[in-house]
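Enquirer: I'd like to ask you about the structure that follows.
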Amino acid sequence: MTIRKCLFLTMLLLTTAGPCVNAQKREIGQARTYIKSGKNLDKAEESMRMLLTDSVNIGNIKIYTTLAEAVKKQYEQVNERVYLRLPYDTVVFFNTTKKMFDAYEKLDSALVKYGNRQDGNDKTRAKNAEYLSAYRVNLYNGGLFLLKRNDFRKALSMFDAYLDCHSQPLFSAYGAIEDDHLAPLAASRSLYCGYKMQDYGEVLRNRELAMKDTQRLELTMQCLSETYSFMNDTTGYVSMLQEGFGKFPNSSYFFTHLIDHYNGVSDFKSALSVADAALEHDSCGTLYLYAKSNIMLNMGRYDECIELCDRIIAINDSIPDAYYNAGIAYINNALTMEKMRGGSKKKQQIRSLYSKSLSYMEKYRALSPADKDKWGAALYNIYLKLNMGKEFEEIDAILRQP
C-alpha cells in the first residue's frame, strides 16, 4: 500500500470518528447540564444508558460517571422529600435507591477495567462507598416494604441487592457479611420470597445465612422443609424436619410432619422415638399422646394404645380420635384372640373386649357423626358380636345408604 493510500485511510477514519466523538461529548455535556440544574434527570439517565449500548462507548468512564450522578441526583431529590415529610412515591424511592447502587457498582467496575490512574480510582471508590453506605439500609427497607405488599419478586431483588454489596469490591472496606447484623434478616426474607414464588433455587441460595436469623428460624426451616418435599428430596426433607424438631420440640409442624413421614414408611421405631422425645418436653400434650397411641396401634401394642387414649380423655374428653383409637384397639385385641384356640373362658374375654370397645366407639360416633366410614364398620362388627339385634339393624340400614 502506498503512503498516499495510508494517509487517505487515516484521514477517512478521523473524519468518520470525529462526528461520533463530538455527538458523544454533546450528549454528556447536555446530561451534566441537566444534573446541575436538577431538571430532566430522567433524560440525562436515558441518554447515558443509550450511549452504553454502543460498544464504542463501553470504556468511556465519563459516561458511567455521568449516569451515576444523574441517578444520585434523582435519589437525593426524593430523599429530600422524605426528610421534609412531603408527599412522595414510596416505590419510586426504593427503586431509585437500587438503581443508584447499580449505577455506582457499574462505575466502580468500569474504573477497574478501563481506568488509567489507580490512585485516583481508589480515592473515587472510597468516596463513593462512603456516600452509598449511609443509604444501603434502604435496600433492606425497600425489600420489607415490597414484601408487605406481597410483591415477592421485587422484594427479592431488593434483599439480594443489599446482600450483593458484600460481594462488590466497591464496599470491600466495609466489613465482612458475618459482621452485618442485617444480612441474616435479608437472607431469611429473600428465602421466604423464593418460597412464595416456588423458586427452589432462590430458597436454597442463601440457606446457611438465612438460618442465622434466629427470630425467623422456625419459619425458615418450615420453608426449607416444604421446598425439599416439593423437590422430592426425601433425604433433605427428613433431615430438615429432624433439625427443626430438635430446635423446636414444641412446634406442631415439625413433629406432625416427621411422625407422618415415619408412619408412612412404616418406620414405627423412629416414629416412637420422636413421640417419646416430644413427651419428655410435655408429658400431658394431647397431640403427642395421640400420636403415640397411633404408633402403638400400628405396632399391635393395643393395651398401651388404650392406656394412652384414656390419658388423653382424662385431660380432654372431647377429642374424638382418642375414643376411636381405644375402640379399635379393643376390637383388634378381640380379633387376635378369636384366632387362638380356647373354651368358654376365651369367649367371655372376647365378648368383654367388644363390650369395652362399644362405649368408646359410640362416644366417637356422638362426637363425629359425619365420619360414618370410620364408626359404621366398627359398630357393625361390635353389634354383631354382642348380638345387639336392634342396634345391628339400625347400623346395617345406615351402611346400606348410598
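The values are calculated or read from the model by the stated rules, or taken from the named source; none is laboratory data. Bear in mind that the values here come from a model prediction, so they are computed numbers and not experimental data. In this analysis, Cβ positions are derived from the backbone assuming ideal geometry, glycine residues included, and neighbour counts consider all displayed protein chains. Heavy atoms of the whole protein, side chains included, go into the accessibility calculation; ligands, DNA and RNA do not. Shrake-Rupley method; radii C 1.70, N 1.55, O 1.52, S 1.80 Å.
Enquirer: So, in the stretch 272-313, how many residues would count as being in a helix (DSSP H, G or I) and under 20 Å from residue 334 (Cβ atoms)?
Expert: The total comes to 14.
Enquirer: Given the structure, is residue 120 more than 30 Å from residue 58 (Cα to Cα) and open to solvent by less than 30 Å² (accessible area, probe 1.4 Å)?
Expert: No: the conditions fail for residue 120.
Enquirer: Looking at the stretch 257-269, which of its residues are surrounded by fewer than 16 Cβ atoms within 10 Å (Cβ to Cβ) and among the polar types (S, T, N, Q)?
Expert: 266
Enquirer: Next question, about the same structure. Check residue 278 against each of (1) touching a Ser or Thr at 6+ places or on another chain (Cβ under 8 Å); (2) surrounded by 14 or more Cβ atoms within 10 Å (Cβ to Cβ) and name the one condition it does not meet.
Expert: Status for residue 278: all satisfied but (1).
Enquirer: Are any residues in the stretch 212-232 part of a loop (DSSP other than H, G, I, E, B), among the charged types (D, E, K, R) and either open to solvent by 30 Å² or more (accessible area, probe 1.4 Å) or farther than 28 Å from residue 180 by Cβ (or both), and if so, which ones?
Expert: 212
Enquirer: Against the condition open to solvent by 50 Å² or more (accessible area, probe 1.4 Å), out of contact with any strand residue (DSSP E or B) (no Cβ under 9 Å at 6 or more places or on another chain), in a helix (DSSP H, G or I) and modelled with pLDDT of 95 or more, how does residue 145 come out, does it pass? Spell out the reasoning first.
Expert: On the way: open to solvent by 50 Å² or more (accessible area, probe 1.4 Å): yes; out of contact with any strand residue (DSSP E or B) (no Cβ under 9 Å at 6 or more places or on another chain): yes; in a helix (DSSP H, G or I): yes; modelled with pLDDT of 95 or more: yes.
Yes, satisfied.
Enquirer: Same structure again: Within the set of pairs 6 or more residues apart or between chains, which connect a residue that is in contact (Cβ under 8 Å) with a residue 40 or more places away in the chain and of a type in the set (Ser, Thr, Tyr) inside the stretch 192-205 to a residue that is in a helix (DSSP H, G or I) and open to solvent by less than 50 Å² (accessible area, probe 1.4 Å) with Cβ atoms less than 7 Å apart?
Expert: Taking only residues 6 or more apart or on different chains, the pairs are 192/223.
Enquirer: Please enumerate the residues belonging to the stretch 326-360 that are farther than 12 Å from residue 385 by Cβ and among the hydrophobic types (A, V, I, L, M, F, W, C).
Expert: Of everything in the stretch 326-360, those that are farther than 12 Å from residue 385 by Cβ and among the hydrophobic types (A, V, I, L, M, F, W, C) turn out to be 326, 328, 329, 340.
Enquirer: Kindly provide the set of residues from the stretch 50-75 that are part of a helix (DSSP H, G or I) and surrounded by fewer than 14 Cβ atoms within 10 Å (Cβ to Cβ), ordered by number.
Expert: Correct list: 50, 55, 56.
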